[in-house]
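Okay, structure first, notes after.
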Amino acid sequence: MWDEDDKDAFRQACMETANRWAKNDTVAKAYCNCVLDKMIDKYPFESEALDHMDELMKDTSLLKCKKQIMEQYHLK
């Protein structure tokens, strides 16, 4: 199972990437939480997620997180 340290490490790495397009930390955090939730649903163990990272990068449910967050915060 994902422990809090694993979740925090993912969020930190995600925030660095998300801050490139997100207008602020609130938007970036919402995006990263969306992605993390979907990853945990698909791969309950962090090691499984790491083993399937290439597949995850193409996962449409994860890609939808950015669209949903951008719509929610009225970003273009």
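Going by amide H atoms built from the backbone, whose H comes under 5 Å of the H on Trp2, apart from near neighbours?
Distant-sequence amide H within range of Trp2: Glu46.
Using only alpha-carbon positions, what ratio does the radius of gyration of the chain give when scaled by 2.2 N^0.38 Å?
Its radius of gyration relative to the 2.2 N^0.38 Å reference: 1.06.
With Cβ to Cβ distances under 15 Å as the rule, what net charge do the other residues near Asp37 carry (K, R +1; D, E -1)?
+1
Using just the helices of the chain, give the 222 nm mean residue ellipticity in deg cm²/dmol: DSSP H runs with n ≥ 4 each add -39,500 (n - 2.57), and the total is spread over all residues, rounded to 500.
The per-residue figure over the chain is -23000 deg cm²/dmol.
Using each residue's phi in segment 8-22, evaluate 6.51 cos²θ - 1.76 cosθ + 1.60 at θ = phi - 60° and report the 3J(HN,Hα) Karplus result to the nearest Hz, with x for Gly and Pro.
Running phi through 6.51 cos²θ - 1.76 cosθ + 1.60 with θ = phi - 60° gives 5, 5, 4, 4, 4, 5, 5, 4, 4, 6, 5, 5, 6, 10, 6 Hz.
Only Cα pairs under 8 Å and at least 6 apart count here; give the relative contact order of the chain as a rounded whole percent.
Taking the mean separation of contacting Cα pairs over the length of the chain, I get 31 percent.
May I have the count of lysine pairs in the chain with C-alpha atoms under 17 Å apart, counting pairs 8 or more residues apart or located on different chains?
Pairs that pass both the separation and distance tests number 21.
Within a Cβ distance under 14 Å of Tyr73, other residues only, what is the Lys/Arg minus Asp/Glu net charge?
Local charge sum for Tyr73: +3.
Zone of Glu55 (label point 7 Å along Cα→Cβ, backbone N under 18 Å): which residues in segment 1-45?
Counting only backbone N, you get 1-2, 36-45.
Pop out the ³J(HN,Hα) list for segment 33-43 in order, Karplus 6.51 cos²θ - 1.76 cosθ + 1.60 with θ = phi - 60°, rounded to Hz; leave Gly and Pro as x.
5, 4, 4, 4, 4, 5, 5, 5, 4, 7, 10
We did not get these values from a lab; they are worked out from the coordinates using the rules stated. Here the structure is a predicted model, which means the values were calculated and not measured. FYI the Cβ positions are ideal-geometry reconstructions off the backbone, even for glycines, and counts take in every protein chain you see.
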